[in-house]
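Structure, as structure tokens:
The values are calculated or read from the model by the stated rules, or taken from the named source; none is laboratory data. Only a predicted model underlies this, so the values are computations on that prediction, with no experimental measurement involved. Every residue, glycine as well, gets a Cβ built from its backbone with ideal geometry; the counts of neighbours run over all protein chains shown. In case anyone asks, the SASA skips ligands and DNA or RNA and just uses the protein heavy atoms, side chains included. Shrake-Rupley method; radii C 1.70, N 1.55, O 1.52, S 1.80 Å.
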Amino acid sequence: MMDAWYCDQFVLPLPEGHRFPMQKYRLLRERLVAEQLSISFHEPASVTDQDLYRAHDRRYVQRVLLGQMTEAELQRLGFPWSQALIERSRRSSGGTLAACRAALSAGFAANLAGGTHHAGYDFAEGFCIFNDSAVAIRALQAEELVKKVMVIDCDVHQGNGTADIFQNDDSVFTFSIHGEKNFPLRKVAGKLDIGLPDGMGDEEYLGTLQRGLHQALKVFDPDLAIYLAGADPFEGDRLGRLKLTKAGLLARDRFVFDICQEQNLPVAITMAGGYAQSVDDIVDIQFNTVSEACRRIG
């Protein structure tokens with residue numbers, strides 16, 4: 001049985017017409033429950049202030065927690081500040097941390113949220129206020145559960161915040177495959193970045209991903225992988241600009257899982273982005289990711 005963490009009950013009070021599809025998290029869990037997969041669902045605990053300080057600038061964290069972000073910072077974030085935002089962000093990071101711990105034991109585990117890879121050391125951006133991967137990695141390293149971690153970021157947008165946090169840290173390998181001309185405008189160089197042209201489809205994407213991940217694992221031997229399984233490379237995504245089909249995205253997941261299993265590398269999965277016109281398409285893609293991982297736990 002695979003463990004999965006959810007925080008969809010912590011709903012953000014967003015203005016009417018806001019483009020972020022918050023309902024995708026609830027609908028994903030409902031779909032997984034309805035399909036009766038062998039998954040044990042858990043509500044994540046909130047990460048502590050100390051957990052946040054390990055990954056982010058202390059002054060930044062304190063201003064966020066106290067609601068002292070500037071208007072410019074809130075515009076860059078894309079969400080209005082609220083206590084619900086803080087609690088959900090803490091819980092989302094807690095879900096990734098718990099999924100990492102479970103993956104170290106079982107091989108695979110999932111956070112049915114997370115992937116907030118635009119949050120940097122001292123900034124929020126693109127719907128991301130705390131970087132759940134970085135918070136989890138720093139906690140695991142502090143607990144001496146891991147030494148080296150690879151972040152495999154297959155969201156269509158570059159993981160600039162994760163790269164910012166770990167840019168001078170050789171214990172974390174940040175691999176990002178993303179749309180070169182897509183958000184964010186200013187990329188932050190990670191350990192291996194692969195920028196893709198608009199309109200790339202399944203076959204070329206999968207070949208590029210395979211070459212890149214093989215290259216990364218030749219030079220870095222991690223204890224754990226955190227896999228950002230973004231649904232936004234999908235051809236129907238409003239913000240994606242790539243042309244992957246649902247079958248192509250499932251093939252992407254299978255390749256990532258295959259190569260990690262070959263390396264005996266535990267995988268913690270986070271959902272990252274997804275902005276399709278139909279929320280059902282997002283749920284289909286992320287359901288496929290989680291169910292494929294679940295199938296691999298014997």
Legend entry - Fraction of accessible area attributable to carbon and sulfur, the chain (%, probe 1.4 Å): 46 percent
Inset, instruction - Round to a whole angstrom and tell me the spacing of the C-alpha centers of the stretch 96-131 and the stretch 2-72. - result: 9 Å
Inset, instruction - Report the charge-dipole magnitude of the stretch 1-111 in Debye, nearest 20, computed about the Cα centre from +1 at each Lys and Arg Cβ and -1 at each Asp and Glu Cβ. - result: 180 debye
Inset, instruction - Report the Stokes-Einstein translational diffusion coefficient (µm² s⁻¹, integer) for the stretch 1-108, Rh taken as the Kirkwood radius over Cα pairs, at 20 °C with viscosity 1.002 mPa s. - result: 138 µm²/s
Inset, instruction - Determine the calculated [θ] at 222 nm for the chain from helices alone, applying -39500 (n - 2.57) to every DSSP H run no shorter than 4 residues and normalising by the residue count; nearest 500 deg cm²/dmol. - result: -13500 deg cm²/dmol
Legend entry - Longest segment of the chain lacking GluC sites (Glu not before Pro) that sit in a DSSP loop with at most 12 other Cβ atoms within 10 Å: 145-298
Legend entry - Rh (Kirkwood; distinct C-alpha pairs) - the stretch 200-298, Å: 13.9 Å
Legend entry - Computed accessible area, Y275, all protein chains, 1.4 angstrom probe, square angstrom: 20 Å²
Inset, instruction - Just list whichever of K24/K246; K181/K246; K218/K246; K181/K243 have alpha carbons separated by over 19 Å in the model shown. - result: K181/K246; K218/K246
Legend entry - Mean accessible surface per residue for the stretch 13-147, computed with a 1.4 Å probe while every protein chain stays in place, in Å²: 43 Å²
Inset, instruction - Read through the labelled values [x] 134; [y] 114; [z] 126 and report the label of the one computed as volume of the Cα convex hull per residue in Å³ from the structure. - result: [y]
Legend entry - the chain - share of DSSP beta bridges that are antiparallel (%, nearest 5): 5 percent
